[in-house]
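Here the structure is laid out as structure tokens; the discussion comes afterwards.
The values are calculated or read from the model by the stated rules, or taken from the named source; none is laboratory data. Quick caveat: nothing in here was measured; it's all calculated off a predicted structure. FYI the Cβ positions are ideal-geometry reconstructions off the backbone, even for glycines, and counts take in every protein chain you see. Surface areas here come from the heavy atoms of the whole protein model, side chains and all, with no ligands, DNA or RNA. Shrake-Rupley method; radii C 1.70, N 1.55, O 1.52, S 1.80 Å.
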Amino acid sequence: MEAHRSYERFERSNEVAAESRSRHATTAAFAVAVMAAFLAVSAFLANKAVKEVITGETHRADATARLESNLLKTDVIEGNADLLRVLGSGSDKEARAAVEARQRESRVQSELAPADARLHHEIDDDEHHVETYDDKHLAYELAEVGLEVGIVLASVSIIIRRRWLLGIGSAVGAAGVVALLVGFLV
């Protein structure tokens with residue numbers, strides 16, 4: 001009779017152990033699935049952030065080229081105005097040259113100076129945009145690393161049946177989710 005009870009206890013303990021392993025595997029698999037979903041989101045956002053950085057740099061380079069063109073136009077117009085003043089001095093052409101010089105200087109003030117101000121503003125906006133998305137990209141990349149390491153640790157915990165490894169993997173994955181949230185808030 002005692003042997004029979006011992007055998008029943010042994011069977012029950014095996015059933016409890018198997019159920020415990022099964023619950024651990026289910027919990028770990030769920031944790032892996034959740035981390036994989038967050039990993040997919042962070043990878044998508046990291047790629048989007050890189051595209052935004054490249055686009056912002058392109059816009060900034062374009063605005064800088066337009067600004068340089070305007071500055072060159074300003075220099076040429078001002079140089080021409082000075083030449084007209086010099087060439088027109090001492091003759092009846094002086095009055096016409098002075099009028100032409102004033103018209104050119106007026107064009108610089110009315111057209112090119114406001115365009116330069118807009119371009120400076122556009123360049124500053126593009127620079128801020130690039131910096132923001134560069135920071136986002138870094139946060140998303142860190143999120144990807146945390147989530148990938150968390151997935152690996154949680155998966156290994158299933159294989160070697162160590163709950164503490166699932167805890168560490170979940171903590172690292174949670175750190176990845178925090179980095180993902182930081183990327184949203186930047």
TODO: Being surrounded by fewer than 17 Cβ atoms within 10 Å (Cβ to Cβ), of a type in the set (Gly, Ala, Ser) and closer than 30 Å to Leu112 by Cα is the filter here, so list the residues in segment 18-63 that pass it.
DONE: Ala61
- [ ] Working only within segment 133-171, note down all residues that are open to solvent by less than 30 Å² (accessible area, probe 1.4 Å) and out of contact with any Gly (no Cβ under 8 Å at 6 or more places or on another chain).
- [x] Leu165, Leu166
Open item on the list: Given (1) open to solvent by 70 Å² or more (accessible area, probe 1.4 Å); (2) at pLDDT 70 or above; (3) in contact with a helix residue (DSSP H, G or I) (Cβ under 7 Å, 6 or more places away or on another chain); (4) of a type in the set (D, E, K, R), identify the lone condition not met by Arg102.
Closed with: (3)
